[in-house]
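**Q** Structure below; questions to follow.
The values are calculated or read from the model by the stated rules, or taken from the named source; none is laboratory data. Keep in mind that what you see is a predicted model, and the values were worked out from it rather than measured. Cβ placement follows ideal geometry from the backbone for every residue including glycine, while neighbour counts extend to all protein chains displayed. Please note that ligands, DNA and RNA were not included when accessible areas were found on the heavy atoms of the full protein model with its side chains. Shrake-Rupley method; radii C 1.70, N 1.55, O 1.52, S 1.80 Å.
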Amino acid sequence: MTEIALLRREIRALTDRAEITDLVSRFFRSLDERGFDARWAARTFAPDIEVHYPVGSFRGLADMAEVQTVTMNLFGPTQHLAGNHLVEVDGDTATVRWDAVHTHLHLDTTQQVRADPPGERFVTGGWYQAEAVRTADGWRFRRVELHVTWKQGKPPLVTEEAAEILGRLRV
């Protein structure tokens, strides 16, 4: 292999890693900014996406925006932090692992029902294991698994409506 070919291969590997790390960052930023819709889902996930969250497992691009909307609407403002990205690229697929801390402020209504003081939080930490695929439009997640390793505070109150929607979408 020529020196130029080796250099191109190295540049491709670095570019892939940067694009996949950006995919993780965009995904986490979107959790805090909300605004989930079909366009968001298509920019984040492959059509055959499969996610495994503490609230359940879900499959298919068509449901991802609704899953995220219902899940994130259980909370007020949030902040999701990602770090320690490990990216292993193999052609047009990649495995990705990253650590995460999720800080969720409870909704005012949740705090009132529980008689909690303002600003009560539910904080979790853990790690994600994901598979990404190269598409014509860039890297997308095909599989995302969240592994929560610790929790602090009370979990959210799940409304009957949210439970019904998530139950209907769960695989």
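**Q** Could you please state how large a percent of the accessible area of the range 1-151 is carbon and sulfur, counting protein chains only and using a 1.4 Å probe? Let's see the in-between values first.
**A** Working: 4330 of 8270 Å².
Here carbon and sulfur together make up 52 percent of the probe-accessible area.
**Q** If you stretched the chain out fully between Thr2 and Leu14, how much longer would it get, using 0.36 nm times the residue separation minus the C-alpha to C-alpha distance?
**A** Numbers: separation 12, 0.36 × 12 = 4.32 nm, distance 1.85 nm.
Full extension of this stretch gives 2.5 nm more.
**Q** Using 1/(1 + (r/R0)^6) with R0 = 22 angstrom and r between the beta carbons of Asp90 and Thr135, what's the FRET efficiency to the nearest 0.05? If you can, show how the numbers build up before the last one.
**A** Numbers: r = 16 Å, r/R0 = 0.71.
It comes to 0.90.
**Q** Okay, next question. Compute the distance in nm between two label points, each set 7 Å from the Cα along the Cα-to-Cβ direction, one at Val148 and one at Ala115.
**A** 2.5 nm
**Q** Across the Cα atoms of the range 33-167, what radius of gyration and what greatest pairwise Cα-Cα distance (Dmax) are found, in Å?
**A** 15.9, 53
**Q** Name the long-range amide H neighbours of Lys154: under 5 Å, sequence gap of 5 or more, or other chain; modelled H, no Pro or chain starts.
**A** none
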